[in-house]
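K.L.:
The structure follows.
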Amino acid sequence: MRLPYAPRPITGEGLSSWAARLAAHNYVDLPAFWAWLGIDPIDDLQPSPSTVEKLAEVGGVATAAIADLCIPQARRSSWMTASDAEGRRGGACPVCCREAAARGFDHWWPAQSQMVLWVSCPIHRCALVDLDGLAFVSTGGVLALARQGGAALGAARTARVLDERTLALESALARALAGLAIGAGWRVRSGRHLLQASEILINLVLYKEFGQTPFAWLFEPERIGGPFILSLHASDPIQGLDALHGRSARSRRNVLSALATLLSRPARLEGEVTEVLSWRTAPDHQGPYRTLLDHVGSEGRRRLEAALQHLPDAIALPAAAALADEAGGGLHKPLAFRGDYERDL
Ligand SMILES: [Zn+2]
């Protein structure tokens, strides 16, 4: 059965975004929509063939058009964000939403935002806004994402710009997940090593002992505290990528920036980041790892030591050097590990 009104997918839109628009245009919420279709909440990356067929039928589009809404590179469920209480998954770009509204289209959100470490608009590269707290409001038959009793997303002409290093890692991780080359500028050469190191280092950049701030929060531009600051404690059973599922784009953005700093070649660490890392001279080979150690406490150091054997050498060596340096009373040994990048040979 065809829905009474079914807008076509927008180029670059996520499956969860299109499904949410289908439901809203037909005056049901997403859980009621799933129930009506007789399907489970959508897996945005790999919807089952029967889900795709059902959506194609009720939405009046070809099944291939639905496959286009799922980004192939992220087909690892551990890298997919959790859906929110309303069954939506992802984050919206205020500029895309404003532009869509100006052309008479619905607000929407991009397919890439379904990846746990994708936090920018793929078109405008500004920060994505969490869907949490936003709901579709219909005005003249067009849907806008708005806060309760507030203005629609994009009404204020503001969007947060993200730094280049963070955006570069975001793209490199997506390329790595797709099995593509990750490009230059990283301590590691292969996509496999980039993914492996990222998953391990998440635990350390978020690690917090009493009285300390996680390393990831050095990268928070607003620097305000509070209980919403994501951190991992020694007793937390959830680790790695799992710790980021269902977390705010802000938390995930800070983790991405922290990882980008640890994974970048030192020569790429210039400007503002040297201040974040408290460097007096830049680039410092072990620099980011020294700052990381300052933030993890004794149990965090033990965890880093235990993780060394699982990290690619190009990451384990500067981390080990920073640990050894500290154990030796802070003696600087900058020349010890000069050759520890992965190279094309
Ligand atoms: Zn955008």
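K.L.:
For the pair Arg265/Ala306, report the inter-label distance in nm, with labels modelled 7 Å from Cα in the Cβ direction.
P.N.:
Computed distance between label sites Arg265 and Ala306 equals 3.4 nm.
K.L.:
Follow-up. Could you give the length gained on full extension between Thr274 and Phe210, defined as 0.36 nm per residue of separation minus the Cα-Cα distance, in nm?
P.N.:
Contour length minus the Cα-Cα distance gives 20.5 nm.
K.L.:
Right, next: Karplus couplings for region 246-256 from phi (6.51 cos²θ - 1.76 cosθ + 1.60, θ = phi - 60°), rounded to Hz, Gly and Pro as x?
P.N.:
For region 246-256, the Karplus-derived couplings read x, 8, 5, 4, 5, 4, 5, 5, 5, 4, 4 Hz, x marking Gly and Pro.
K.L.:
While we're looking at this one, here's another question. With the crude spin-label approximation of a point 7 Å out along Cα→Cβ, what separation in nm comes out for Arg103 versus Asp313?
P.N.:
5.0 nm
K.L.:
Hey, another quick one. Could you tell me which Cys residues in the chain have no other cysteine's Cβ under 4.7 Å from their own Cβ, answering none if every one has a partner?
P.N.:
Cys70, Cys97, Cys126
K.L.:
Let me ask another. May I ask you to compute the full-extension gain from Ala156 to Ala35, defined as 0.36 nm times their residue separation minus their alpha-carbon distance, rounded to one decimal in nm?
P.N.:
Going from the current span to full extension adds 39.9 nm.
K.L.:
Rounded to the nearest 0.05, what FRET efficiency do Glu57 and His233 give with R0 = 51 Å and r taken as the Cβ-Cβ distance? Could you check? The partial results should precede the final answer.
P.N.:
On the way: r = 48 Å, r/R0 = 0.94.
The calculated FRET efficiency here is 0.60.
K.L.:
Which residue fluctuates most in the GNM of the chain (Cα springs below 10 Å): Ala174, Ala159, Ala19?
P.N.:
Ala159
K.L.:
GNM on the chain, C-alpha springs below 10 Å: top fluctuator among Arg302, Arg192, Arg250?
P.N.:
Arg302
K.L.:
Which cross-chain or sequence-distant (5 or more) residues have an amide H under 5 Å from the amide H of Val129, H modelled 1.01 Å from N in plane?
P.N.:
Correct list: Ala92, Cys93.
K.L.:
Taking the Cα centre of the chain as the origin, how large is its charge dipole in debye, to the nearest 20, when only Lys and Arg (+1) and Asp and Glu (-1) carry charge on their Cβ atoms?
P.N.:
Rounded to the nearest 20 debye, it is 500 debye.
K.L.:
What does the charge dipole of region 164-327 about its Cα centre add up to, to the nearest 20 debye, if the Cβ of each Lys and Arg holds +1 and the Cβ of each Asp and Glu holds -1?
P.N.:
380 debye
K.L.:
If amide hydrogens are placed 1.01 Å from N in the peptide plane, which non-local residues have theirs closer than 5 Å to the one on Leu145?
P.N.:
For Leu145, whose amide H was placed from the backbone, the distant partners under 5 Å are His107, Val137, Leu153.
K.L.:
Here's something else I'd like to know. Treat the count of other C-beta atoms within 10 Å as a stand-in for reagent exposure and order Thr291, Thr158, Thr166 from fewest to most.
P.N.:
Thr158, Thr291, Thr166
K.L.:
With a 10 Å cut-off between alpha carbons and a GNM built on the chain, which of Ala267, Ala216, Ala258 moves the most?
P.N.:
Ala267
K.L.:
Now a separate question. Which far-off residues, 5 or more places away or on another chain, put their amide H under 5 Å from the one on Tyr207, with H placed in the peptide plane?
P.N.:
Phe215, Leu232
K.L.:
Place a +1 charge on the Cβ of each Lys and Arg in region 15-147 and a -1 charge on the Cβ of each Asp and Glu, then give the dipole magnitude about the Cα centre in debye, rounded to the nearest 20. Write out the running numbers ahead of the final one.
P.N.:
Numbers: 10 positive and 13 negative charges, 72 e Å.
Dipole size: approximately 340 debye.
K.L.:
Of Ala85, Leu128, Gln46, which is farthest on the positive side of the dipole of the chain, counting Cα position, with +1 on Lys and Arg Cβ, -1 on Asp and Glu Cβ, and the Cα centre as origin?
P.N.:
Checked the options; the winner is Leu128.
Coordinate-derived values only; no laboratory data. This structure is a prediction, so every number in the text was calculated from the model and none was measured. Positions of Cβ are generated from backbone atoms using ideal geometry, with glycine treated the same way; all protein chains shown enter the neighbour counts.
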